[in-house]
Amino acid sequence: MSALQPLGEFEHVVLLAILRLGDAAYAVAIRGEILARTGRRVSRGSIYITLDRLETKGYLKSWLGDPTPERGGRAKRYYALRPRAVEALKESRRALVSLWRGHEGTLT
Amino acid sequence: MALPAGVIALLNALPRDLRDSVAGDLAEEYGAFAPRAGRLRASVWIWWTALRLVCLFQRERLTRGRRLPPVPEEIRGRMSIWDSVRQDVVFGARMLRRQPGFTFVAVITLAIGIGANTAIFSIVDRVLWRPLPFQDPGSLVVIAGQRPRESATLAGPVSPGDFLDWRDMSRTFTAIAATSSSALNLSGDGEPQRVRALSVSPGFLEALGVAPAGRTFRREEEDPDRARVAILSDALWRVRFGADPKIIGRTILLNARPHEVVGVLPRGSGGRRIRKCSCRWPSIRRNASGGPFTRFR
């Protein structure tokens with residue numbers, strides 16, 4: 001497994017959305033969560049590509065749920081964070097907080 | 001709601017591991033969107049969305065060289081060893097198709113490797129593994145002379161006198177025969193030809209268990225006054241004499257001396273290393289004085 005890479009901004013957002021959704025994190029729900037929490041309407045393609053990249057990097061694991069009739073008999077692919085994703089989120093947060101420190105009043 | 005068949009076909013361009021779940025997501029959203037927006041708008045929307053997704057993944061594939069994500073634990077648990085092997089073979093084939101230059105080098109490397117291995121195996125098989133083409137090859141030995149004063153290990157030729165004594169007195173060996181290799185000029189019938197020859201004493205072919213067409217050498221042919229005789233290898237008989245069925249009894253010239261052909265060796269029984277070699281099997285002769293010295297001719 002490669003060394004921990006810095007997270008991109010959108011990767012950060014997607015990982016946090018998955019963390020918030022818990023066991024219900026699949027592409028449609030992740031997109032909905034981002035819209036609900038940030039007001040950003042992101043494209044489906046961006047979500048799929050980012051999930052795919054994060055899984056390839058080893059930040060996510062995925063599994064298939066049970067097929068349902070409303071999905072045409074197809075299963076949902078659920079995502080969950082691997083420990084290294086949690087580490088990457090912590091590191092990203094630490095860097096941002098460190099940069100913000102002392103400027104909270106300036107930029108609010 | 002079921003997706004249009006064309007959209008499902010279009011989604012086949014997505015990576016295999018994501019194809020089903022993406023199609024399921026779109027079907028779910030399509031089912032929610034169609035009652036609100038109407039069938040026509042929903043159709044346009046689903047086609048447009050699917051096309052964008054496919055284009056995005058194709059661009060991703062071209063720019064990033066998408067690697068396959070790790071196989072999830074629950075799928076890995078259900079996979080048999082043959083699923084895994086099949087997956088590896090298919091994956092390997094895809095990689096080879098994507099990189100023709102690498103494939104070419106790999107194929108050439110394999111071809112050279114297989115060719116070299118085959119050549120080495122053929123030599124080892126012939127030289128070391130296959131038994132000699134003689135009867136009871138395990139009981140054949142080569143006797144060599146040794147001169148302790150000169151070398152403790154170097155083996156050399158046996159003197160003709162020793163050979164005659166050993167042949168007459170030995171009770172250890174079933175038969176003892178002497179050989180000496182040489183090159184001779186074969187002439188008198190077409191173009192002169194340089195051929196490899198082996199001079200042997202009578203009993204040599206019997207010791208090897210080789211029965212030529214015609215006859216073998218006789219003990220009395222050691223007599224220097226008798227005519228010289230020769231037995232041809234199968235290869236020489238076929239190539240030089242066109243497999244002449246009347247070769248036995250004919251006279252050929254070896255080093256300008258007439259020799260009567262008394263036999264032809266069976267195929268594969270000697271002289272097979274070089275196709276155009278011949279084997280000449282004249283007798284061992286005592287010298288004119290009848291002394292202990294002998295010479296091979």
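Bear in mind that the values in this text are calculations on the coordinates, not laboratory data. From a predicted model like this one, the values you see are computed outputs, not experimental measurements. For neighbour counting, all protein chains shown are included, and Cβ atoms are generated from backbone atoms with ideal geometry for every residue, glycine included.
Numerical summary
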item: Relative exposure of B:Met1, B:Met95, B:Met169, judged by other C-beta atoms within 10 Å (fewest first); result: B:Met169, B:Met95, B:Met1
item: Approximate spin-label separation B:Arg61-A:Thr68, in nm, with each point projected 7 Å along Cα-to-Cβ; result: 2.9 nm
item: Helix A:83-100 vs. chain A, principal-axis angle (Cα, 0 to 90°, nearest 10); result: 30 degrees
item: Ordering of B:205-214, B:52-61 by burial proxy (mean other Cβ atoms within 10 Å per residue, highest first); result: B:205-214, B:52-61
item: Exercise: per-residue mean of other protein chain Cβ atoms within 10 Å, B:109-120; result: 0
item: Peptide-level mean, for B:54-62, of C-beta atoms on other protein chains within 10 Å; result: 2
item: For A:Leu60, distant residues with modelled amide H under 5 Å away; result: A:Glu55, A:Arg82
item: Sorted by Cβ neighbour density within 10 Å, fewest at the top, the residues B:Asp17, B:Asp168; result: B:Asp168, B:Asp17
item: Cut-off 20 Å, label 7 Å out along Cα→Cβ of A:Glu91, residues of the stretch A:44-68 by amide N; result: A:50-61
item: Within the stretch B:136-237, trypsin sites (Lys or Arg not before Pro) in DSSP loop having at most 15 other beta-carbon neighbours inside 10 Å; result: B:Arg149, B:Arg171, B:Arg215, B:Arg218, B:Arg226
item: Within chain A: Cβ-based charge dipole about Cα centre, in debye rounded to nearest 20 (Lys, Arg +1; Asp, Glu -1); result: 80 debye
item: Cα-projected label distance for B:Ser159 with B:Arg267, points at 7 Å along beta-carbon direction, nm; result: 4.6 nm
item: Contour minus Cα-Cα distance for B:Leu253 and B:Val239 (0.36 nm per residue); result: 3.4 nm
item: Shielding by partners - mean other protein chain Cβ count within 10 Å, residues of B:26-36; result: 3
item: 18 Å cut-off, amide nitrogen to a point 7 angstrom out along A:Ala24 Cα→Cβ, residues in the stretch A:37-62; result: A:37-39
item: Estimated [θ] at 222 nm from DSSP helical runs (n ≥ 4, -39500 (n - 2.57)) normalised by residues in the protein assembly as shown, nearest 500; result: -14500 deg cm²/dmol
